[in-house]
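Let me begin by presenting the structure, written as structure tokens, before commenting on it.
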Amino acid sequence: MKKISVRASREYEVLIGSGLTEKAGELVKQVHAPCRTVIVSDSNVAPLWLDKVKVSLEKAGFTCSEYVFPAGEASKNTAELIKMVEFFAESGLTRTDLVVALGGGVTGDMAGFASAIFLRGIEFVQIPTTLLAMTDSSVGGKTAVDLEAGKNLCGAFHQPSLVICDTDTLSTLPAVEFSGGCAEVIKYGVIRDASLFEALEEGLLESDPAEVIARCVGIKRDVVEADEFDKGERQLLNFGHTAGHAIEKQSNFTLSHGQSVAMGMIIASLAVGKKEIAQRIAALEDKMGLPSACPYTAELLLPWCMSDKKKAGGSLTLVVPEKIGCCILKKIPAEEVLSFLERGLSR
Ligand code: NAD
Ligand code: GLY
């Protein structure tokens, strides 16, 4: 089992390995005395993995209730959030009790936010079951639900007490969800770690997924420790996401987040003239089942980019690569965004 320590406003460990859902009870007991818990999961993950986690927690002395919501981003809203916290109250959770989020980023974000607001904050444990959630959303304490006005607009920073990544859970993950997570994995290599990028080119994700997850979590940990509250450096994690979010919205979400970010990383690279970087990213994306060519024009993407929440004071902060392993933040005036996109789309 690999172990990565995160020292943010709360200190916690991220555990990565095989067979960890069966050991969840013992692992959680090391950070929290047995208590009442609600295991939150979605309608796809619960039938596959919830029983294992529940049995293990009960064996370790925890009393468990289950809360299962309909799978998918469409559930990540204030109405589902309120149902969840009402269930916490009905289950008799107190300030010293615990929430366990078992699932992908939707489950972790929503159960994490519910834990942040219930009784003004109770502890929660993340058991991520998608590649995206293991490498990104379960670590760093960003929790949220979506509003009509946009994604993740209602949330809080609330760090988990423990993150348990059982690589076995990836065995049931649909291929399209796995490749979506690969976009975030590639992102880590480009923003911070050329050797990770090269290892991915050589097939490390296929041969040793736990090692790749650990290296991604290590990068995320470093960025979060440097800028927990997203005032500067943490924005590097948005590489490919400004154009990516625009593509996702323009496609009316028929293109997934991962597919859109994959295209967004190519746009951000070409926009600053880094053709070789774009070619290497595109080759890796192709190998991982991700598209790299964006089907939309700059004119179609522009309004979505300008409504992105990262726009501030008439300018947009973009993440662009200098070389594989090093990205920088580049603030550009609103009137230059169209030409940025045009350059990014000319291949
Ligand atoms: P998700 O939670 O919707 O999971 C994707 C799909 O896979 C769902 O249908 C789910 O039911 C299914 N699934 C999950 N694990 C499974 C498994 N092991 N076996 C079978 N099916 C499984 O989505 P996601 O891609 O994990 O996360 C996306 C969400 O994460 C978005 O809401 C995004 O905003 C959020 N996010 C948050 C952060 C953060 O820092 N908090 C970072 C990145 C993304
Ligand atoms: N995934 C973006 C962040 O955690 O900041």
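The values are calculated or read from the model by the stated rules, or taken from the named source; none is laboratory data. These figures come from a predicted structure and were not determined experimentally. Side chains are part of the model used for accessible areas, which takes the heavy atoms of the whole protein and leaves out ligands, DNA and RNA. Shrake-Rupley method; radii C 1.70, N 1.55, O 1.52, S 1.80 Å.
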> For the chain, modelled as a GNM with alpha-carbon contacts under 10 angstrom, which of 242, 107, 96 fluctuates the most?
Replying inline: 96
>> Looking at the chain only, what percent of DSSP beta bridges run antiparallel? Nearest 5 please.
In response: 45
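Roughly what % antiparallel, to the nearest 5, for the DSSP beta bridges in the stretch 1-105? Numbers along the way, then the final one.
Details: 6 of 18 bridges.
Of those bridges, close to 35 percent are antiparallel.
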> Who wins for biggest fluctuation among 201, 322, 299 in a Gaussian network model of the chain, springs between alpha carbons below 10 Å?
Replying inline: 299
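Given a 1.4 angstrom probe, what's the average accessible area per residue across the stretch 1-148, in square angstrom?
Values: 5920 Å² over 148 residues.
Accessible surface, normalised per residue, equals 40 Å².
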> To the nearest 10 degrees, how steeply does helix 298-307 sit against the main Cα axis of the chain, on a 0 to 90 scale?
Replying inline: 40
> Counting only protein heavy atoms, what percent of the accessible surface of the stretch 216-296 is carbon or sulfur at a 1.4 Å probe?
Replying inline: 47
> Does anyone have the angle between helix 78-90 and the longest principal axis of the chain? Alpha-carbon axes, 0 to 90°, nearest 10?
Replying inline: 20
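If you take every DSSP beta bridge fully contained in the stretch 92-208, what fraction is antiparallel? Give it as a percent rounded to 5.
Details: 5 of 13 bridges.
Counting only bridges with both partners in the stretch 92-208, antiparallel ones make up about 40 percent.
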> When the accessible area of the stretch 78-162 is computed with all protein chains present and a 1.4 Å probe, what percentage of it is carbon and sulfur?
Replying inline: 55
>> Given Cα positions, please report Rg to Rh for the stretch 160-272, the hydrodynamic radius being the Kirkwood one.
In response: 0.97
> Can you give me the Cα centroid spacing of the stretch 22-41 and the stretch 90-108 in angstrom?
Replying inline: 10
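Give me the 1.4 Å probe accessible area per residue for the stretch 265-347, excluding ligands and nucleic acids, in Å².
Per-residue value: 49 Å².
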> From the phi of every residue in the stretch 128-140, what ³J(HN,Hα) in whole Hz does the Karplus formula 6.51 cos²θ - 1.76 cosθ + 1.60 yield, where θ is phi - 60° and glycine or proline is x?
Replying inline: x, 10, 10, 4, 4, 5, 5, 8, 9, 5, 7, 10, x
> Tell me, what is a quarter of the convex hull surface for the C-alpha atoms of the chain, in nm² with one decimal?
Replying inline: 15.5
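Could you tell me whether the stretch 71-157 comes out rounded, prolate or oblate from its Cα gyration tensor? Rule is a ≥ b ≥ c as square roots of the eigenvalues, rounded for a/c under 1.5, then prolate if a/b exceeds b/c, otherwise oblate. Don't jump to the answer; show the numbers that get you there.
On the way: a/c = 1.68, a/b = 1.21, b/c = 1.39.
Verdict is oblate for the stretch 71-157.
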>> List the residues, sorted by chain then number, that are 5 or more residues from residue 66 or on another chain and whose placed amide H is less than 5 Å from its amide H.
In response: 39
> Which whole-Hz couplings ³J(HN,Hα) result when phi for each residue of the stretch 246-254 is put into the Karplus expression 6.51 cos²θ - 1.76 cosθ + 1.60, θ = phi - 60°, listed in order with x for Gly and Pro?
Replying inline: 5, 5, 4, 6, 4, 7, 6, 6, 6
